[in-house]
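The values are calculated or read from the model by the stated rules, or taken from the named source; none is laboratory data. In this text, all values refer to a predicted model and were calculated from it rather than measured experimentally. As a convention, Cβ positions derive from the backbone with ideal geometry for all residues, glycine included, and neighbour counts pool all protein chains shown.
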């Protein structure tokens, strides 16, 4: 199996798991605070990955420096604290589908940051794929129908920060491994979120018999497993092409909504799915192979 195919398979697993976030996260907005959801899910996700991270460090005789810990703290703040708190907060103002589609625009921000910071110019096929991905995603959701701009602005801000996180985390992941970067940065981010819970005088423990399974699912699968798969896939692809698989998230979200919420796949969703598949073809055809690094 080629490095490129392995990369996309890992990323498709990521997007499938990420596609369940809005559905599960939306059900928690009335029973838990934003900071607590992210404190719980990221700290738990980090703990799940910690044994694998320790084994990886020992096996490869890697010693973390003070600079490494600072970078891991920065990644934890960027993702678990800033980006994901904005995303969770947006679910209070947006329908879950609107949040899903707007967050799926983060590959555009990855491309922009790559161009601005790394002078990594996307290929013409990648640019065409990005544009088609945006158009297809809009079709899938039937357009943005919102009463005000608060929700969309929160989601787009989250997408921009996640795009920066994607770019900032890739090189460190190539050097230290996905388990190490994800585990430690998640626990840093979860710890800071728990500090925010305390500072804002919110209940320290908000797990109840009604929500504990959903919180565990977010921590173990949507956080631990999905983020590991994300950087595992990125290690085999260039960043712009790899992050572009986010455009297929509305497709998975539509299928899950049909299966679990009985929401029909309308004509506009069908058209959007076709456009997104064409967009993915453009992106994948221009992908160059990158050096693989096992976790």
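Hey, residue 161 hits all of (1) under 19 Å from the mean Cα position of the chain (by Cα); (2) at pLDDT below 80 but one; which does it fall short on?
(2)
Considering only residues of region 1-15 that are farther than 12 Å from residue 235 by Cα and surrounded by 19 or more Cβ atoms within 10 Å (Cβ to Cβ), which is modelled with the highest pLDDT?
14
Looking only at region 280-293, decide whether some residue is within 20 Å of residue 49 (Cβ to Cβ), surrounded by 15 or more Cβ atoms within 10 Å (Cβ to Cβ) and either in contact with a strand residue (DSSP E or B) (Cβ under 8 Å, 6 or more places away or on another chain) or modelled with pLDDT under 75 (or both). Quick ask: steps written out before the conclusion?
First, pick out the residues of region 280-293 that are within 20 Å of residue 49 (Cβ to Cβ): 292-293.
Imposing the further condition that a residue be surrounded by 15 or more Cβ atoms within 10 Å (Cβ to Cβ) reduces the set to 293.
Filter again for either in contact with a strand residue (DSSP E or B) (Cβ under 8 Å, 6 or more places away or on another chain) or modelled with pLDDT under 75 (or both), leaving 293.
Taking every residue of region 280-293 in turn, at least one turns out to be within 20 Å of residue 49 (Cβ to Cβ), surrounded by 15 or more Cβ atoms within 10 Å (Cβ to Cβ) and either in contact with a strand residue (DSSP E or B) (Cβ under 8 Å, 6 or more places away or on another chain) or modelled with pLDDT under 75 (or both).
Does residue 180 satisfy the condition of being modelled with pLDDT of 90 or more and within 18 Å of the chain's Cα centre (by Cα)? Quick ask: steps written out before the conclusion?
Numbers: modelled with pLDDT of 90 or more: yes; within 18 Å of the chain's Cα centre (by Cα): yes.
Yes.
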